[in-house]
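J.: One structure is given below, represented as structure tokens, and several questions about it will come after.
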Amino acid sequence: MTNIPFLSFDKTNELIATEIKKAFGDFFDSKQYILGEKVSQFEREYALYSRVKYCIGVSNGLDALHLSLKALGIGEKDEVIVPSNTFIATVLAITYVGATPVFVEPDISTYNINPVLIEQKVTSNTKAIMPVHLYGQACEMDSLLSITKKYNLYLIEDNAQAQGATWKGKKTGSFGHINSVSFYPGKNLGALGDAGAITTDDYDLKDKIRTLRNYGSNKKYYNDLIGFNNRLDECQAAFLSIKLKYLDEWNQERRQIAHWYNNLLEEVSEIILPKIKKGATSVYHLYVIRVKKRTKLQNFLKEKGIGTLIHYPIPPHLQKCYLKYRYKVTDFPIAEELSKCVLSLPIYPGLAYKQVSYITECVKSFYRGSI
Ligand SMILES: *Cc1c(COP(=O)(O)O)cnc(C)c1O
């Protein structure tokens, strides 16, 4: 019986097993368990990778977003522009600081925030735009930068899904005043537990984040800010340094897999394939197609041993936790439509051509059989 899980760590884990076990041994023996040399080392390496001046390791992606907003002083009465289709964490960070999320619909071909629709949402309370490089594809950064300049807004990238992607050759996570990234295990660069980081070129913001992540303190028992415990775990930092060395290779493998899917599914008229905007690259965190008869297709694939997921079944504005904003169905029709027809197929380093071809054959036979 074929079994192709939605996500598998088999190949990547096998590749790094020896290094990881050694790193854990070194960490254990070092007796430096909080903010030691491994965190500093990873911060240097990830800053270099992202081509930014500073990287500050933090506890996870949501905390990275939250600290970014805090460091910029965004809070009550402020509005933050955010895409209407994103993972809930982007929006949680905004409401966490007491600010109001202002949703902007995505471009239907890229699924990323549509820059053309942003200006009509800018008010005197708008403080920032938080684009999300969704599914691994870089947003249209030229337009976003010119809007933030024109209205004097902060730009905060949510780069949780696109480590290594570029817009006109420049890395995502290097455009904003301050940018967040998640190293949740399933991301393109994933830790073996929770982890995240903030990237910035701003010296003062870097200092403020370092303080905020560590109880608001620079000197033990002297607290300058009302801070948090949002430190990057020393052990995860050591693991991340190992995995970072493979990131470009693994992203390249994801691109290859996406290319196979694109070719093999091209002829299926019931499916809309991912489209990459000119100027952008994607690191295919997810391979998301739009399909007809989604539930039936998903069940059919499950019977064939193929795991799929939906990113995301309910857009943030319709989540129960945001009932207080009184959004209703039809408020953001593009996000709502996407939530009904998107389907993510397996994509990860180690997924073989044979498996991709089996998956696409199953998809084709589903539509052949059900007219
Ligand atoms: C994963 C993710 C986050 C949150 O990251 P965590 O490390 O799980 O807190 C935020 N935004 C987006 C777009 C994500 O995909």
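The values are calculated or read from the model by the stated rules, or taken from the named source; none is laboratory data. Since the structure is predicted, the reported quantities are computational estimates derived from the model, not experimental observations. In this analysis, Cβ positions are derived from the backbone assuming ideal geometry, glycine residues included, and neighbour counts consider all displayed protein chains.
J.: So which pairs qualify, if the first residue must be in segment 75-91 and within 15 Å of Gln161 (Cα to Cα) and assigned to a loop (DSSP other than H, G, I, E, B), the second must be among the aliphatic types (A, V, I, L, M) and within 9 Å of the ligand (Cβ to nearest atom), the Cβ gap must be under 9 Å, and the two must be at least 6 apart or on different chains?
T.: Listed pairs, sorted by first residue: Asn85/Val132; Asn85/Leu134; Thr86/Val132; Thr86/Leu134; Phe87/Val132; Phe87/Leu134; Phe87/Ala160.
J.: Given the conditions (1) within 12 Å of the ligand (Cβ to nearest atom); (2) more than 19 Å from Ala335 (Cβ to Cβ); (3) of a type outside the set (A, V, I, L, M), report the number of the one that His133 does not fulfil.
T.: All conditions pass for His133, except number (2).
J.: Report whether or not Ser30 is hydroxyl-bearing (Ser, Thr, Tyr), modelled with pLDDT of 95 or more and under 27 Å from Tyr312 (Cβ atoms).
T.: Numbers: hydroxyl-bearing (Ser, Thr, Tyr): yes; modelled with pLDDT of 95 or more: yes; under 27 Å from Tyr312 (Cβ atoms): no.
Considered against the rule, which asks whether it is hydroxyl-bearing (Ser, Thr, Tyr), modelled with pLDDT of 95 or more and under 27 Å from Tyr312 (Cβ atoms), Ser30 comes out as no.
J.: Pick from Ile310, Ile306: which is in contact with a Pro (Cβ under 9 Å, 6 or more places away or on another chain) and either of a type outside the set (Ser, Thr, Tyr) or surrounded by fewer than 17 Cβ atoms within 10 Å (Cβ to Cβ) (or both)? Step through it out loud before you land on a result.
T.: Numbers: Ile310 fails: in contact with a Pro (Cβ under 9 Å, 6 or more places away or on another chain).
Matching residue, one of Ile310, Ile306: Ile306.
J.: If you take the residues of segment 150-166 that are surrounded by fewer than 23 Cβ atoms within 10 Å (Cβ to Cβ) and either over 24 Å from Gly73 (Cβ atoms) or of a type in the set (Lys, Arg) (or both), which of them is farthest from the ligand (Cβ to nearest atom)? Explain how you work it out, then say what you get.
T.: Taking segment 150-166 and keeping what is surrounded by fewer than 23 Cβ atoms within 10 Å (Cβ to Cβ), we get 150-155, 166.
With the extra rule that they be either over 24 Å from Gly73 (Cβ atoms) or of a type in the set (Lys, Arg) (or both), the set shrinks to 150, 166.
Working: Lys150: 26, Thr166: 18 Å.
Filtering segment 150-166 for residues that are surrounded by fewer than 23 Cβ atoms within 10 Å (Cβ to Cβ) and either over 24 Å from Gly73 (Cβ atoms) or of a type in the set (Lys, Arg) (or both), the one farthest from the ligand (Cβ to nearest atom) comes out as Lys150.
J.: Separate question: Please state which of the following conditions Ile147 fails to meet, knowing it meets all the rest: (1) buried (at least 23 other Cβ atoms within 10 Å of the Cβ); (2) aliphatic (A, V, I, L, M); (3) over 21 Å from Lys70 (Cα atoms); (4) more than 11 Å from the ligand (Cβ to nearest atom).
T.: Condition (1) is where Ile147 drops out.
J.: Can you find, within segment 74-90, the residue that is farthest from the chain's Cα centre (by Cα) among those that are farther than 26 Å from Phe239 by Cβ, of a type outside the set (A, V, I, L, M) and within 16 Å of the ligand (Cβ to nearest atom)?
T.: The qualifying residue farthest from the chain's Cα centre (by Cα) is Ser84.
J.: Follow-up. Restrict the check to segment 117-133 and report whether at least one residue is hydrophobic (A, V, I, L, M, F, W, C), in a helix (DSSP H, G or I) and crowded, with 20+ Cβ neighbours inside 10 Å. If you could, list the steps in order and put the result at the bottom.
T.: Narrowing segment 117-133 to residues hydrophobic (A, V, I, L, M, F, W, C): 117-118, 122, 128-130, 132.
Still in the list and also in a helix (DSSP H, G or I): 117.
Pick out the ones that are also crowded, with 20+ Cβ neighbours inside 10 Å and you get none.
Within segment 117-133, none of the residues are hydrophobic (A, V, I, L, M, F, W, C), in a helix (DSSP H, G or I) and crowded, with 20+ Cβ neighbours inside 10 Å.
J.: Take segment 190-228 and flag every residue that is under 18 Å from Tyr54 (Cα atoms) and either within 16 Å of the ligand (Cβ to nearest atom) or among the β-branched types (Val, Ile, Thr) (or both). If you could, list the steps in order and put the result at the bottom.
T.: We begin by selecting, within segment 190-228, every residue under 18 Å from Tyr54 (Cα atoms); these are 195-214, 218.
Matches in segment 190-228: Ala195, Gly196, Ala197, Ile198, Thr199, Thr200, Ile209, Thr211, Arg213.
J.: So is Thr110 touching an Asp or Glu at 6+ places or on another chain (Cβ under 9 Å), within 16 Å of the ligand (Cβ to nearest atom) and in a loop (DSSP other than H, G, I, E, B) or not?
T.: Details: touching an Asp or Glu at 6+ places or on another chain (Cβ under 9 Å): yes; within 16 Å of the ligand (Cβ to nearest atom): yes; in a loop (DSSP other than H, G, I, E, B): yes.
Taking the combined requirement at face value, the residue satisfies it.
J.: Being out of contact with any Phe, Trp or Tyr (no Cβ under 8 Å at 6 or more places or on another chain), of a type outside the set (Lys, Arg) and within 11 Å of the ligand (Cβ to nearest atom) narrows it down to one of Ala99, Ala93, Ala71, so name that one. Explain how you work it out, then say what you get.
T.: Working: Ala99 fails: within 11 Å of the ligand (Cβ to nearest atom); Ala71 fails: within 11 Å of the ligand (Cβ to nearest atom).
Every option except Ala93 fails the conditions.
J.: Going by the structure shown, is Val82 farther than 26 Å from Asp142 by Cα and either of a type in the set (Lys, Arg) or buried (at least 22 other Cβ atoms within 10 Å of the Cβ) (or both)?
T.: Details: farther than 26 Å from Asp142 by Cα: no; either of a type in the set (Lys, Arg) or buried (at least 22 other Cβ atoms within 10 Å of the Cβ) (or both): yes.
Against the criterion (farther than 26 Å from Asp142 by Cα and either of a type in the set (Lys, Arg) or buried (at least 22 other Cβ atoms within 10 Å of the Cβ) (or both)), Val82 does not qualify.
J.: Anything in segment 255-273 that is of a type outside the set (S, T, N, Q), without any contact (Cβ under 8 Å) to a residue 40 or more places away in the chain and closer than 16 Å to Pro346 by Cα? List them, or say none.
T.: Once the filter is applied, which keeps residues that are of a type outside the set (S, T, N, Q), without any contact (Cβ under 8 Å) to a residue 40 or more places away in the chain and closer than 16 Å to Pro346 by Cα, segment 255-273 yields Arg255, His259, Leu273.
J.: Something else: Just checking: which of the strands (runs of 3 or more DSSP E) contained wholly in segment 152-220 hold 2 or more residues that are closer than 27 Å to Asn125 by Cα and touching a residue at least 24 places away in the same chain (Cβ under 8 Å)? Working first, answer last.
T.: Working: elements: 154-158, 178-182, 196-200, 217-219.
It comes to 154-158, 178-182, 196-200.
J.: How about segment 280-334: which of its residues are touching a strand residue (DSSP E or B) at 6+ places or on another chain (Cβ under 7 Å), touching a residue at least 60 places away in the same chain (Cβ under 8 Å) and assigned to a loop (DSSP other than H, G, I, E, B)? I'd like the intermediate steps shown before the answer.
T.: Quick first cut of segment 280-334, residues touching a strand residue (DSSP E or B) at 6+ places or on another chain (Cβ under 7 Å) only: 280-282, 286-291, 294, 297-298, 305-311, 317, 332, 334.
Remaining after also requiring touching a residue at least 60 places away in the same chain (Cβ under 8 Å): 280-282, 286-288, 297, 305-309, 311, 317, 332, 334.
Correct list: Thr281, Leu286, Gly305, Gly307, Thr308, His311, Phe332.
J.: Every residue in segment 30-68 that is more than 18 Å from the chain's Cα centre (by Cα) and either within 16 Å of the ligand (Cβ to nearest atom) or acidic (Asp, Glu) (or both), please.
T.: Glu37, Phe42, Glu43, Glu45
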